Amino acid sequence: MRWSRAFISTLREDPAGVESASHRLLLRGGYIQQIGRGIYSLLPLAQRVRRKLMRIIREELDSIGAQECLLSALSPTEYWKQSGRLDSMGDIMFRLKDRKSSELVLGVTHEEIFTHIASKHINSYKQLPQMWYQFQTKFRDELRPRGGLLRVREFTMKDSYSFDIDENGL
């Protein structure tokens with residue numbers, strides 16, 4: 001794409017209320033746009049960087065035999081209750097109920113769901129080891145979203161999980 005056609009909206013002045021140098025540079029360089037406390041949109045330049053980083057990480061993980069999944073960002077609270085983390089992580093979890101009053105959370109991480117999948121589908125030690133990963137949007141109800149992209153409410157996270165016969169295999 002030609003520079004003259006690209007959407008790059010830079011700022012001449014430092015934005016008010018910006019704490020960190022990285023946050024200031026991302027805003028001034030036209031990479032991100034804040035749309036609420038702890039909520040940012042990635043503009044075309046940031047999306048290009050994001051895609052390139054994800055490609056590099058995918059290549060590295062695939063080269064060691066990891067397999068990519070994509071799990072739902074929404075999950076039933078039952079898995080979080082089983083692990084005991086509904087209470088310990090509960091304050092930062094976005095919770096909601098569907099129209100049938102089923103309790104759901106937006107994922108802060110996916111250990112519970114990956115473990116559930118492994119428990120349903122890995123039936124023999126011969127299926128191990130397994131290495132799974134994903135790039136997924138995560139949600140955290142941060143008490144004080146601040147510091148640019150460090151403490152945000154929605155972000156992309158790369159999770160990876162391995163399942164093996166014993167601790168030495170991990």
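The values are calculated or read from the model by the stated rules, or taken from the named source; none is laboratory data. Everything numeric here is computed off the predicted structure, so don't read it as measured data. Counting neighbours? That spans all protein chains shown, and the Cβs are built from the backbone with ideal geometry, glycine included. Heavy atoms of the whole protein, side chains included, go into the accessibility calculation; ligands, DNA and RNA do not. Shrake-Rupley method; radii C 1.70, N 1.55, O 1.52, S 1.80 Å.
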Quick one: GLY147 ticks every box in (1) crowded, with 17+ Cβ neighbours inside 10 Å; (2) touching a Ser or Thr at 6+ places or on another chain (Cβ under 8 Å); (3) modelled with pLDDT under 95 except a single one, so which number is it? (1)
For GLN134: the one exception among (1) at pLDDT below 95; (2) in a strand (DSSP E or B): (1)
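Going by the conditions given, is SER41 under 22 Å from GLN136 (Cβ atoms), within 17 Å of the chain's Cα centre (by Cα) and not β-branched (Val, Ile, Thr)?
Yes, satisfied.
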Residue set GLY38, GLY65; condition under 22 Å from ARG153 (Cβ atoms) and either open to solvent by less than 60 Å² (accessible area, probe 1.4 Å) or touching a Pro at 6+ places or on another chain (Cβ under 9 Å) (or both); output residue GLY38
Out of the residues in the range 12-38 meeting the condition of being in contact with a helix residue (DSSP H, G or I) (Cβ under 9 Å, 6 or more places away or on another chain) and of a type in the set (A, V, I, L, M), tell me which one is nearest to LYS138 (Cα to Cα). ILE32
Criterion first (outside any strand (DSSP E or B) and of a type in the set (Val, Ile, Thr)) does ILE35 satisfy it? no
Confirm whether LEU71 is closer than 17 Å to PHE155 by Cβ and touching a His at 6+ places or on another chain (Cβ under 7 Å). yes
Taking the range 68-92, which residues are touching a Ser or Thr at 6+ places or on another chain (Cβ under 9 Å) and either more than 17 Å from ILE113 (Cβ to Cβ) or in a loop (DSSP other than H, G, I, E, B) (or both)? ALA73, MET89
Counting just the residues of the range 7-43 that are at pLDDT below 85 and β-branched (Val, Ile, Thr), which one comes out nearest to ARG151 (Cα to Cα)? VAL18
Considering each of SER4, SER101 in turn, give the residue that is assigned to a helix (DSSP H, G or I), over 25 Å from ARG151 (Cα atoms) and small (Gly, Ala, Ser). SER4
Would you pick out the residues in the range 96-137 that are open to solvent by 60 Å² or more (accessible area, probe 1.4 Å), in contact (Cβ under 8 Å) with a residue 24 or more places away in the chain and over 27 Å from VAL152 (Cα atoms)? TYR125, PRO129, MET131
So how many residues does the range 60-87 have that are within 12 Å of TYR133 (Cβ to Cβ) and of a type outside the set (A, V, I, L, M)? 6
